[in-house]
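The values are calculated or read from the model by the stated rules, or taken from the named source; none is laboratory data. Since the model is a prediction, treat every value here as computed from it, not as a measurement. So basically every Cβ, Gly included, is an ideal-geometry build from the backbone, and we count neighbours across all protein chains shown.
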Amino acid sequence: MIASAYLFPGQGSQHVGMGRELYTRFPVARAVFEQANTILGLSLTRLCFEGPAESLNDTLNTQPAILTTSVAALRALEEQGSGDGPSFVAGHSMGEFSALVAANALSFQDGLMLVRERGRLMKQAGEQNPGGMAAILGLDRAALEAICAEVQEESGEYVGVANDNCPGQVVISGAAAALERAMELAQAQGAKRTVRLAVSIAAHSPFMAEAATEFRRLLEATTFRPPAVPLVANATATPLTAADEIREALGRQLTSPVQWTDSVRWMIAQGVSRFVEFGPQDVLTGLTKRIDRSVERVATADVLSLP
């Protein structure tokens with residue numbers, strides 16, 4: 001039997017029109033979107049299908065929109081009855097909440113409300129303590145950690161690794177001036193490219209500390225169940241099977257780096273040879289290819305590819 005892992009993306013995978021084909025073709029997916037409309041009290045369906053992009057890209061809306069589209073794709077696959085299900089689940093940043101819904105550790109309704117509040121708190125934190133993020137291509141994590149440490153020492157401002165996405169693609173996060181300086185040093189040390197991301201927040205950094213404190217209170221008030229299959233957590237790149245462990249990892253996630261490369265490598269080391277991505281695009285499928293080309297990769301963004 002082939003061991004599979006189900007992957008769920010975070011922000012950055014959204015686009016106007018996402019989920020429309022799922023909604024049209026699969027009644028079970030349509031029910032997920034309509035349930036989200038009711039829970040949130042807004043037409044998430046119209047926002048996903050018609051935009052405008054500015055509203056869809058508002059983190060308040062982006063996070064529940066991606067979770068809904070991911071869960072809709074999952075339910076469509078489950079209805080087909082193909083495969084034996086996953087050995088592990090994992091999600092990139094807010095995708096962890098989609099993964100927990102998939103593992104029956106978190107209800108869809110609670111997942112939606114949590115990511116809605118997560119988006120609100122992150123947006124608020126960005127307004128109160130502005131920062132930024134940048135993707136650095138062509139340098140490894142160790143080199144970037146050294147660069148960030150150097151910049152922090154010379155400037156007194158924070159900048160650090162936010163997402164270790166795959167070999168040669170690391171995202172850094174921090175104060176605007178420190179971020180620019182780190183980008184300069186990365187280019188000087190041979191980075192192929194540095195790209196400032198179109199965000200005004202420093203996610204997965206100490207800039208999110210106040211948001212994380214309030215979010216932990218929400219997590220404490222939310223019911224989590226032991227997952228049906230282990231969640232490989234961003235914060236630790238290790239499997240979690242207890243509700244309290246999951247709650248603690250989600251609380252850490254806003255301020256700690258996303259250990260995506262290590263998470264995928266750990267699953268491969270456990271015998272996973274097939275990764276199925278549930279989301280609006282194939283972002284994680286591309287990252288998995290760069291981590292290990294030998295594993296099978298399936299993206300459900302195109303419903304015609306549903307295995």
Self-check item: Candidate set from region 200-219 (those that are farther than 23 Å from residue 113 by Cβ and either surrounded by fewer than 16 Cβ atoms within 10 Å (Cβ to Cβ) or of a type outside the set (S, T, N, Q) (or both)); member that is nearest to the chain's Cα centre (by Cα)
Solution: 202
Quiz item: What's the number of the condition residue 183 fails, among (1) in a loop (DSSP other than H, G, I, E, B); (2) farther than 17 Å from residue 13 by Cα?
Solution: (1)
Quiz item: For region 175-188, does any single residue satisfy the condition of being surrounded by 16 or more Cβ atoms within 10 Å (Cβ to Cβ), touching a strand residue (DSSP E or B) at 6+ places or on another chain (Cβ under 9 Å), at positive phi and not small (Gly, Ala, Ser)?
Solution: no
Practice problem: Quick one: count up the residues across region 244-287 that are among the hydroxyl-bearing types (Ser, Thr, Tyr) and closer than 29 Å to residue 45 by Cα. | Solution: 1
Quiz item: Can you tell me which residue in region 238-248 is nearest to the chain's Cα centre (by Cα), limited to those that are assigned to a helix (DSSP H, G or I) and either touching a residue at least 40 places away in the same chain (Cβ under 8 Å) or under 11 Å from residue 90 (Cα atoms) (or both)?
Solution: 246
Self-check item: Test: residue 151 is in contact with a strand residue (DSSP E or B) (Cβ under 9 Å, 6 or more places away or on another chain) and modelled with pLDDT of 95 or more
Solution: yes
Quiz item: How about region 218-237: which of its residues are outside any loop (DSSP other than H, G, I, E, B) and more than 15 Å from residue 270 (Cα to Cα)?
Solution: 218, 219, 220
Quiz item: Going by the structure shown, is residue 191 small (Gly, Ala, Ser), farther than 22 Å from residue 119 by Cα and more than 18 Å from the chain's Cα centre (by Cα)?
Solution: yes
Quiz item: Out of all the residues in region 97-115, is one or more surrounded by fewer than 24 Cβ atoms within 10 Å (Cβ to Cβ), of a type in the set (Gly, Ala, Ser) and under 14 Å from the mean Cα position of the chain (by Cα)?
Solution: no
Self-check item: Matching residues in region 77-93 - criterion: being of a type outside the set (Asp, Glu) and not in a helix (DSSP H, G or I)
Solution: 81, 82, 83, 85, 86, 87, 88, 89, 90, 91, 92, 93
Exercise. Would you check if there is a residue in region 279-299 being assigned to a loop (DSSP other than H, G, I, E, B), within 17 Å of residue 6 (Cβ to Cβ) and of a type in the set (Ser, Thr, Tyr)?
Key: no
Exercise. Count, please, the residues in region 144-170 that happen to be under 17 Å from residue 262 (Cβ atoms) and assigned to a helix (DSSP H, G or I).
Key: 2
Quiz prompt | region 31-60, subset in contact (Cβ under 8 Å) with a residue 60 or more places away in the chain and out of contact with any Leu (no Cβ under 8 Å at 6 or more places or on another chain), residue surrounded by the most Cβ atoms within 10 Å (Cβ to Cβ) | solution = 32
Exercise. Return the only residue of 74, 121, 60, 67 being closer than 26 Å to residue 211 by Cα, touching a strand residue (DSSP E or B) at 6+ places or on another chain (Cβ under 9 Å) and in a helix (DSSP H, G or I).
Key: 67
Quiz item: Is it fair to say residue 28 is more than 16 Å from residue 119 (Cα to Cα), within 19 Å of the chain's Cα centre (by Cα) and surrounded by fewer than 18 Cβ atoms within 10 Å (Cβ to Cβ)?
Solution: no
